[in-house]
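Down below is the structure, laid out as structure tokens.
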Amino acid sequence: MTTELNKEMLLRAYRMMRRIRDFEERVHVEFATGEIPGFVHLYAGEEASATGVILQLRKEDYVASTHRGHGHCIAKGMALRSMMAEIYGKKTGICGGKGGSMHVADLDLGMMGANGIVGGGGPLICGAALAAKVKKTDNVAVCFFGDGGSNQGTILESLNLASVLQLPAIFVAENNGYAEATASRWAVATGNIADRGAGFGMPAAIVDGHDFFAVYEAAGEAIQRARSGGGPSLIEVKVNRYFGHFEGDQQTYRGPDEVKKLRETKDCLLLFRGRVTKQNLLTEKELDQIDEEVRNEVEDAVAFAKQAPKPQPSDLLTDVYVAYA
Amino acid sequence: MRLGQKRLVGIVANPESGCDVRRLVSCASVFPTSEKVSMVVRVLAALGSFGVQGVLMMPDKSGIAAGVLRATLSHSARAGDPWPEVQFLEQRIEHTADDTRFAVRAMLTAGVRAIVVLGGDGTHRVVASECGATPLVTLSTGTNNAFPDLREATIAGIAAGLCASGEFDSSEICRRNKRLNICFDGRHEIALVEVAVCRNRNIGSRALWNPEDVSEIFVTFAECDSIGLSSIVGLLRPTSRDATEGCSVRFNHENPVSWVSAPIAPGLIKHMPIGSVRSLPLGQQIPIDADYGTIALDGEREIEFTAEDNAYLSLDMNGPLTVDVRNTLELAAERGLLASRTSHPPTHIKGDQQDDY
């Protein structure tokens, strides 16, 4: 496995990260206006993780996300319009405005959803991975979870189940250093989440989540292992978030210049841009053009969401039961 | 007694070692934080029994420092041989190699007499870039290392205690290691085991495990029972740590002259197509001959370069001093430092400084 991506893939990777970043930065601004209902947990700063993993998945592969799920949804291919409308709670949202930020999902894209339950994705992908194994589809399933989720019984049980059944599953622990306001170094007994892999007989590794190429390389190996019948893997992505646990979080638990320094030194988009332009793989102009296109796309998504109709009371009675016929 | 008056030893335990992507591509095990804590604790027990009173330790956010702190508090609550007072350095933790560099500089300023290093080849490389003439006691916390010793930490702790005792001249118990100097774009780096020229454009996940991407390697030493890239040379032309030369191998993936099957990583044997093997004399400047790629230092891709960059390397004998643990214990035994002539069990080596606790 090498990191020699062709130009098309590099452009896709950059566009994916840029879409996530701009989407989240814009939600941050719009949430402050009071128009967006409920809670939002923004993914800005962690783009290389979702992109490095999901860029290598097929549409048929499954992803289970977290409460901080916008990035995974965008990377899996959700349209920004229907994403934004969902976050605004509008009828044209991907879930009819009923899910909102924490329950946005699109099973047609293999996106099993953001999840308000911390550590809730593990059992979901075990089911998806078991189905893939039984049906011999060679699809894989990926569970993203955080350092807080790593302490939940659901994740530990899922690691065990995936290992016992040798499921085509990849567990991606996005360790951004804080479970809400609690530092992971205080709350994760083993220090590194990857240490826990050995307890389940599962290969595990740690990668720098600010470096798209590092995540891409490790995830590629884990996906290949799972797809070829080699069983599950655990990848701990060390990463940082730019915003609070939720919008409105005062972040008194962080240093005064912590985020500023992260943005200056650990911005995955800047690191990516620096690398590919120095190596003459992409030009500044090509990347600037993507920036411009994505800006317009996000602007369009916000306009679409704002003018979209709200669900009606009668909508409460739809989408409640599934017809299996 | 303040820490500054004590016989001091430094400890660097790299929280990042033993966790890289090779766990996904080979049969290498994760080296868990809990085991690193346990190793530090065993070192502390030995240091305490051999007269070391203070330890300066690099802090981290991955649980090693926290585990050691818990262990010291627990130990102090029970009766037993005294452990050294452990002080964690006050430093900003970035979780990069700069943490190690800062810590080593602070240890030298405080006057440590030896530094116990827990890590892989890469960790030792970073420590070696800052440690000057202070001896290192090396401990491997990984499964893919050529430079550090893979041994019981208690024994390493005894050797570190003896080294710090002042009973020995460093020339008696230490080896001066070779190093490779790499100059690139005004940057100077070192390698203690090997430099590999790779065709990967990006450092990616850093660890190097796919030798198909490697065009040439340069080694300071190569042992035939080693693991990792240097094992390729070790199986072709073993080169001892004390030899006044290194060795280089150029691969020829199209028209190999010969092949060697080498253990690149645990459980990962690769058949390597050899182009040429040559001696690497001391002092000779050798340009990196490639249009683009990355340079891996001691198994980790560190430098990305293009055709516009100039990079060259050279071998010298100015690497770090490392304590020869076996030799140190043998010398201590010969000199009677480990035996007591009283009817009581020995306490600890007094050395050149009077203990006052």
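Taken together, the values in this text are just the output of simple stated rules run on the coordinates, not laboratory data. In this text, all values refer to a predicted model and were calculated from it rather than measured experimentally. Heads up, the Cβs are rebuilt from the backbone with ideal geometry, glycines too, and the neighbour counts pull from every protein chain shown.
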Which of the helices in chain B meet the span-like rule: DSSP H, Cα axial reach of 30 Å or more, Kyte-Doolittle mean at least 0.5? none
Ranked by Cβ crowding within 10 angstrom, fewest neighbours first, how are B:Leu282, A:Leu167, B:Leu162 ordered? B:Leu282, A:Leu167, B:Leu162
With the dipole of the protein assembly as shown worked out from charges on the C-beta (+1 for Lys and Arg, -1 for Asp and Glu) around the Cα centre, which of A:Gln224, A:Gly99, B:Cys163 lies farthest toward the positive end? A:Gly99
Alpha-carbon centroid distance for the pair segment A:236-251 / segment B:118-180, whole angstrom: 39 Å
Based on Cβ point charges of +1 for Lys and Arg and -1 for Asp and Glu, what charge dipole magnitude is obtained for segment B:44-175 about its Cα centre, in debye rounded to the nearest 20? 200 debye
Specify the residue with the greatest mean-square fluctuation among A:Ala64, A:Ala301, A:Ala48, computed from a Gaussian network of chain A linking alpha-carbon atoms under 10 Å apart. A:Ala301
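Taking a ≥ b ≥ c as the square roots of the Cα gyration tensor eigenvalues, with a/c under 1.5 meaning rounded and otherwise prolate when a/b beats b/c, else oblate, which class fits segment A:1-149?
Values: a/c = 1.80, a/b = 1.26, b/c = 1.43.
Note, shape of segment A:1-149 comes out oblate.
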Quick check: from the Cα gyration tensor, does chain A come out rounded (a/c under 1.5), prolate or oblate? rounded
How many partner chain Cβ atoms sit within 10 Å of a residue's Cβ in peptide B:32-40, on average, as a whole number? 3
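For B:Arg92, A:Arg26, which order do you get if you count the other beta carbons within 10 Å of each Cβ and list the fewest first?
Details: B:Arg92 10, A:Arg26 17.
Taking fewest neighbouring Cβ atoms as first place, the list is B:Arg92, A:Arg26.
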Output the antiparallel fraction of DSSP beta bridges having both residues in the protein assembly as shown, as a percent to the nearest 5. 55 percent
Can you classify segment A:89-228 as rounded, prolate or oblate using the Cα gyration tensor, where a ≥ b ≥ c are the square roots of its eigenvalues, rounded means a/c under 1.5, and otherwise it's prolate if a/b beats b/c and oblate if not? oblate
Which is farthest toward the positive dipole end of segment B:151-230 among B:Val214, B:Cys198, B:Phe184, measuring Cα position about the Cα centre, with Cβ charges +1 (Lys, Arg) and -1 (Asp, Glu)? B:Phe184
Within straight cross-link reach of A:Lys59, meaning Cα distance under 23 Å, which lysines are found once same-chain residues fewer than 8 apart are removed? A:Lys7, A:Lys76, A:Lys133, A:Lys135, A:Lys136
Could you state the number of Å between the C-alpha centres of segment B:251-321 and segment A:1-64? 37 Å
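Per DSSP H run of at least 4 residues, take -39500 (n - 2.57); add these up for chain A, divide by its residues and hand me the 222 nm value, nearest 500 deg cm²/dmol.
Numbers: 11 runs with 137 residues, N = 325.
The per-residue figure over chain A is -13000 deg cm²/dmol.
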For segment B:194-228 and segment A:266-294, compute the distance between their C-alpha centroids and round to whole Å. 29 Å
Across the protein assembly as shown, what fraction of all alpha-carbon pairs, as a whole percent, falls in each successive 20 Å bin from zero upward? 18, 47, 29, 7, 0
Taking only DSSP H segments of four or more residues, each worth -39500 (n - 2.57), what value at 222 nm results for chain B once the sum is divided by all its residues, to the nearest 500 deg cm²/dmol? -7500 deg cm²/dmol
Using the Cα centre as the reference, give the magnitude of the dipole from point charges on the C-beta atoms of segment A:47-121 (Lys, Arg: +1; Asp, Glu: -1; all else neutral), rounded to the nearest 20 debye. 220 debye
